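To keep things clear, I will list the structure first and then write my remarks on it.
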Amino acid sequence: MSSILVIEQILNGLQFGVMLFLMAAGLTLIFGVMGLINLAHGSLYMIGAFAAAAVAGATGSFFLALVAALVAAAVAGAIVEMVVIRRLYNAAHLDQVLATFALILIFSEGTRWVFGSFPLFLDIPNALSGPVTLPGGIQYPLYRLTLIAIGLAVALGLWLLIERTRIGIQIRAGENDREMIGALGVDISKLYTLVFALGAALAGLAGALVGAIQSVQVGMGEPVLILAFVVIVIGGIGSIRGAFIGALLVGLTDTLGGVFLPEIFKLFMDSGAAQKSGSALASMSIYLLMGMVLIWRPTGLFGARA
Amino acid sequence: MRVKEKHVNALVIIGLIALPLFALISDEPFTITLATRAVILALAAVGLNIILGMGGLVSFGHALFFGIGGYTMGILAYHAQTYTTLDLGLFATGGTEFMPVIWVVAMVVSAVLAYLIGLLVLRTSGVYFIMITLAFAQMFYYFAISWAQYGGEDGLSIYVRNDFPGLNTLVPIQFFCICFVILCLVLFLKARLQNSPFGLALNAMRQTATRVETVGLNPMKLKLLAFVISGAITGLAGALFADLNRFVSPTMFSWQLSGELIVLIIIGGVGRLMGPVIGACIFVALEHFLSGLTEFWHIYLGLILLGIVLFARGGVIGLLTGKEGAHV
């Protein structure tokens, strides 16, 4: 086990983590501002990936594909918010779960209907393909490095948006007291649509970016959605900072666990058994992490005290 | 026209007996299998409805217990049929093909697991509870996939259905009768439970937890007991479901299944005794007829579901009887 491998895996974990953050940030923002649990967030991720794959296939431009992903997911998010989600803000959690579960069914089958069951492929642009040499002689794929940079840039941008702009003030005020900011003349329904579309765009961006290193297929959103749930439960629902820390923790735990747990198990059992039990434990590791965080803090690391 | 809920309930039970009998006479064994599927899904949803309808806690991870029941059956029957020993550390067993034993083991394993998981997840409520139950079920899903000894991702086939004394379980109508009798027993127990001191306390806790606490009841204990009973019943349904298909696979743990169990309850009506049963019948019928019409039947299921959530709260029973069900 060399230090190069360790650093590579840490970078992989970071890359996975920042992509999870893009998903989790939208989810947690939507929950924080509107009090809504949105299971269909994974569908928006899928829509972003499919839009990107379709546009990249037609134009050959990766940049246009990313723009298409952002626009398609944001528009889909805005439409869904205006047609369905808007009626659910005051509904029970059970109704929210069901309605958004229904949306998953509609989006998934609709996408299968339009694009078919076979996975699409989105290629990494030439300018970003191939490895780069990092200080210390480590070869690392440039595209994955770019993903880390984009993820960190979005995190910074989101922080600036929420802490430093007028919209951000309204979002934060909406989290605290939605009636009061309505009384102060802020158009709440417009604000809600905007926040929902913003969350959707982030999910669509994540879908397009990850779609280039995995295949683009129906049902790709839900595993990521569930991981994003784990992230925001760890970070504390409604907290962007919590989502960021939680996403990095989950990304690193999952990646490093998958590589190193079998190695650690090999220290005290034979190689075949170590491989098996190590990878079984690794597949459960992030849920164990979540369990431990919850025992320690039932509302997550940065959640409001219940 | 408004009808009384007990009439609807009686009609459903009669229909559930009549349909398979009719299918038996007209020699359509597949219809009997469909009815069995509806009965087993109904049983699983009755279990879920104890924590969801009576307790007001939306568990989005009940596929966990369904899968545990399924794998309990799968593992016991696998060892019995391959004449291998199952070494559990403390003791070893050769497995079993005897249904009643499988059911008891499935319920006990599910109950113990529900207790342990409940200790953790019931510390939370609301959205946290939804997400955490989902995450726990997902954890078992991935564990089942990586558990190569029992088939991993491909699942585990059990070639012969397990035995029940005096019956030939491979005859569809006989297996249906077993499942139907179990469902009726559980419904009877659930009705008793609803009116027992425990059921009343649980009901009160859903409405105002603080008041229940001030009269000296422990909400955590109430919720934990409800979660354990709920998990055990869903686990039993899982064992039966595995026996129906003679196959277990990680999909029994999938989040889609957890979602579908909730959907069954909502279609029928939350917090009603027969809600899950009506929901399961409608769901299986929809699944059968819509999937015959179009490959993309989930779109229509989704639209129907949206319609129910947005416009018909209280489900089918609510529509028929003109009363909205208990709200969660």
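Read-outs: derived from the displayed coordinates by stated rules, not from any lab. The model shown is predicted, which means the values in this text are computed figures rather than measured ones. No Cβ is skipped: glycine too gets one built from the backbone with ideal geometry, and neighbour counts run over all protein chains shown.
Hey, can you list the DSSP H helices of chain B whose Cα span along the axis is 24 Å or longer and whose average Kyte-Doolittle score is at least -0.5?
Numbers: long enough: B:5-25 (30 Å, 1.79); B:29-49 (30 Å, 1.54); B:63-82 (27 Å, 0.86); B:99-121 (32 Å, 2.51); B:126-146 (31 Å, 1.55); B:172-195 (35 Å, 1.70); B:219-245 (39 Å, 1.24); B:275-293 (26 Å, 1.59).
Taking the DSSP H segments of chain B (at least 24 Å long, mean hydropathy at least -0.5), we get B:5-25, B:29-49, B:63-82, B:99-121, B:126-146, B:172-195, B:219-245, B:275-293.
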Out of A:182, A:139, A:15 - ranked by how far each Cα lies towards the positive end of the dipole of the range A:3-218, with unit charges on the beta-carbon of charged residues - the top one is A:182
Rounded to the nearest 500, the 222 nm mean residue ellipticity computed for the protein assembly as shown from DSSP H runs (n ≥ 4, each -39500 (n - 2.57)) alone is -24500 deg cm²/dmol
Of every Cα-Cα pair in the protein assembly as shown, the percentage lying beyond 38 Å is 35
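Rounded, prolate or oblate: pick one for the range A:2-120, where a ≥ b ≥ c are the square roots of the eigenvalues of its C-alpha gyration tensor, a/c under 1.5 means rounded, and failing that, prolate if a/b is larger than b/c, else oblate.
In terms of gyration-tensor shape, oblate.
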For the pair residue B:211 and residue B:174, the simple spin-label estimate (label points 7 Å beyond Cα toward Cβ) gives in nm 5.3
Classified through the alpha carbon gyration tensor (a ≥ b ≥ c as square roots of its eigenvalues; rounded if a/c is under 1.5, else prolate when a/b is larger than b/c, else oblate), chain B comes out oblate
The helix A:93-115 Cα axis meets the longest alpha-carbon principal axis of chain A at an angle in degrees, between 0 and 90 and rounded to 10, of 70
Given the candidates A:215, A:77, A:119, the one whose Cα lies deepest towards the positive end of the charge dipole of the range A:3-218, counting +1 at each Lys or Arg C-beta and -1 at each Asp or Glu C-beta, is A:77
Quick calc, the range B:8-256, dipole around Cα centre from Cβ unit charges on Lys, Arg (+) and Asp, Glu (-), nearest 20 debye, gives 900
Given trypsin sites (Lys or Arg not before Pro), DSSP loops and at most 16 other Cβ atoms within 10 Å, the longest exposed-site-free stretch of chain A is A:1-265
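State, as an integer percentage, the relative contact order of the range A:196-306 based on alpha-carbon contacts under 8 Å between residues 6 or more apart. Mind showing how you got there, number by number?
Values: 97 pairs, mean separation 31.9, N = 111.
In percent, rounded to a whole number, it is 29.
Find out how many positive minus negative residues lie around residue B:137, taking Lys and Arg as positive, Asp and Glu as negative, among other residues whose Cβ is under 14 Å from that of residue B:137.
Details: positive: none; negative: A:222, B:260.
Residues near residue B:137 contribute -2 overall.
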Under the Karplus relation with 6.51, -1.76 and 1.60 and θ = phi - 60°, whole-Hz ³J(HN,Hα) for the range A:187-194, x at Gly and Pro, equal 6, 4, 5, 5, 4, 5, 4, 4
If B:133, A:253 are placed from fewest to most neighbouring beta carbons inside 10 Å, the sequence is A:253, B:133
The helix A:271-296 Cα axis meets the longest alpha-carbon principal axis of chain A at an angle in degrees, between 0 and 90 and rounded to 10, of 30
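Could you list A:55, A:250, B:109 in order of exposure, starting from the residue whose Cβ has the fewest other Cβ atoms within 10 Å? Walk me through the numbers on the way to the answer.
Working: A:55 23, A:250 27, B:109 20.
Taking fewest neighbouring Cβ atoms as first place, the list is B:109, A:55, A:250.
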Proxy exposure order for A:31, A:16 (fewest C-beta within 10 Å first) is A:31, A:16
A correct Stokes-Einstein calculation for chain A, using the alpha-carbon Kirkwood radius, 4 °C and 1.567 mPa s, returns a whole-number D in µm² s⁻¹ of 64
Measuring from the longest principal axis of the C-alpha atoms of chain A, the long axis of helix A:166-176 (C-alpha) lies at a number of degrees, nearest 10, equal to 90
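Going through the range B:130-200, which chymotrypsin sites (Phe, Trp or Tyr not before Pro) have at most 12 other Cβ atoms within 10 Å and a DSSP loop state?
Values: sites: B:136, B:140, B:141, B:142, B:143, B:147, B:150, B:159, B:175, B:176, B:180, B:188, B:198; in loops: B:147, B:159.
Those satisfying the criteria are B:159.
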Checked against the positive end of the charge dipole of the protein assembly as shown (+1 on Cβ of Lys and Arg, -1 on Cβ of Asp and Glu, about the Cα centre), the farthest of B:39, B:172, A:238 is A:238
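With +1 on each Lys and Arg Cβ and -1 on each Asp and Glu Cβ, how big is the dipole of chain A about its Cα centre, in debye rounded to the nearest 20?
Numbers: 14 positive and 14 negative charges, 71 e Å.
With only Lys, Arg, Asp and Glu charged at Cβ, the dipole is about 340 debye.
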Taking a crude spin-label model, label points 7 Å out from Cα along the C-beta direction, the residue A:138 to residue B:24 distance in nm is 6.9
Residue-ordered couplings for the range B:210-215, obtained by feeding phi - 60° into the Karplus form 6.51 cos²θ - 1.76 cosθ + 1.60 and rounding to whole Hz (Gly and Pro as x), are 5, 5, 5, 5, 5, 7
The answer for chymotrypsin sites (Phe, Trp or Tyr not before Pro) in the range A:40-120 that fall in a DSSP coil and have at most 16 neighbouring Cβ atoms within 10 Å is A:89
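For the protein assembly as shown, with only Lys/Arg (+1) and Asp/Glu (-1) charged at the beta-carbon, what is the dipole magnitude about the Cα centre, in debye rounded to 20? Show your work: numbers first, answer last.
Working: 30 positive and 28 negative charges, 340 e Å.
In total the dipole reaches around 1640 debye.
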